[in-house]
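The values are calculated or read from the model by the stated rules, or taken from the named source; none is laboratory data. Computed from a prediction, not measured in an experiment: that's the story for all the values here. Don't worry about glycine lacking a Cβ; one is built from the backbone with ideal geometry, like all the others, and counts go over all protein chains shown. With ligands, DNA and RNA removed, areas are computed over all heavy atoms of the protein, side chains included. Shrake-Rupley method; radii C 1.70, N 1.55, O 1.52, S 1.80 Å.
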Amino acid sequence: MRGTAAGIALLLCALGVVWAAQEWRFNRAIADQQGAAAVHFWPENPFGWRVLSEQQLVTGATAAAVASARHAVQLSPEDWQSWDALAQVQVEVGDLTGARASMAQMAVRAHGFEAHWRYANLLLLSSDMPGFWREATRALSFAPPTEIPVVLTYMQTVSNQDIERVAQVVTAARANMPMPVSYTHLRAHETGRN
């Protein structure tokens with residue numbers, strides 16, 4: 001009886017894996033069609049070109065992915081998300097210089113946390129520490145309250161636990177943030193009590 005129950009459980013697990021794989025393939029096919037369809041039916045919309053670029057990248061069509069992302073930027077040069085899409089493709093194809101230039105364009109156009117945080121991380125990846133701290137400070141100035149502990153912890157790690165360095169960034173970015181709160185978080189993280 002136990003062997004039968006185990007066999008049925010194993011069969012159900014295998015069927016679940018097969019079902020999940022089929023669903024993933026189905027969703028991927030729908031997404032692929034949506035990108036191509038979006039470009040076909042509304043070729044002047046940069047969103048469709050960004051989606052198509054992502055799909056081309058996933059399928060290994062890197063030259064086409066770069067071209068589609070560039071086209072999205074040409075259609076809407078003031079759209080920070082198009083610059084971000086181009087930068088992401090450039091990172092994936094190994095063009096860090098191009099990605100940095102695209103992210104710089106994105107940062108000029110964006111006025112929010114996500115864009116500046118992405119740029120800060122690319123600068124860190126490129127070993128540009130002054131650039132990282134500049135953009136991390138900008139990102140922190142836009143950070144929603146839910147992201148602040150994550151950003152502070154990340155900065156503390158990047159600074160090799162230099163709480164004073166992080167406190168300088170907090171002061172520059174969030175003059176209205178109560179320092180005891182940020183110091184409490186940093187000190188708790190330093191001692192492992194966060």
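Remarks
For every residue, the table says whether it meets (1) modelled with pLDDT of 90 or more; (2) out of contact with any Ser or Thr (no Cβ under 9 Å at 6 or more places or on another chain); (3) open to solvent by less than 60 Å² (accessible area, probe 1.4 Å).
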{"position": "Gly60", "(1), (2), (3)": "yes, yes, yes"}
{"position": "Arg70", "(1), (2), (3)": "yes, no, no"}
{"position": "Ser127", "(1), (2), (3)": "yes, yes, no"}
{"position": "Ala143", "(1), (2), (3)": "no, yes, yes"}
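- Any pair with Cβ under 7 angstrom, 6 or more apart, that starts in the stretch 52-64 at a residue that is within 14 Å of Val91 (Cβ to Cβ) and ends at one that is of a type in the set (D, E, K, R) and open to solvent by 40 Å² or more (accessible area, probe 1.4 Å): Leu57/Glu92
- Qualifying residue in the stretch 83-93 (condition: exposed (fewer than 15 other Cβ atoms within 10 Å of the Cβ) and either more than 19 Å from the chain's Cα centre (by Cα) or within 21 Å of Val108 (Cβ to Cβ) (or both)): no
- Residue match in the stretch 153-162 (condition: open to solvent by less than 10 Å² (accessible area, probe 1.4 Å), farther than 26 Å from Pro43 by Cβ and in contact with a Lys or Arg (Cβ under 9 Å, 6 or more places away or on another chain)): yes
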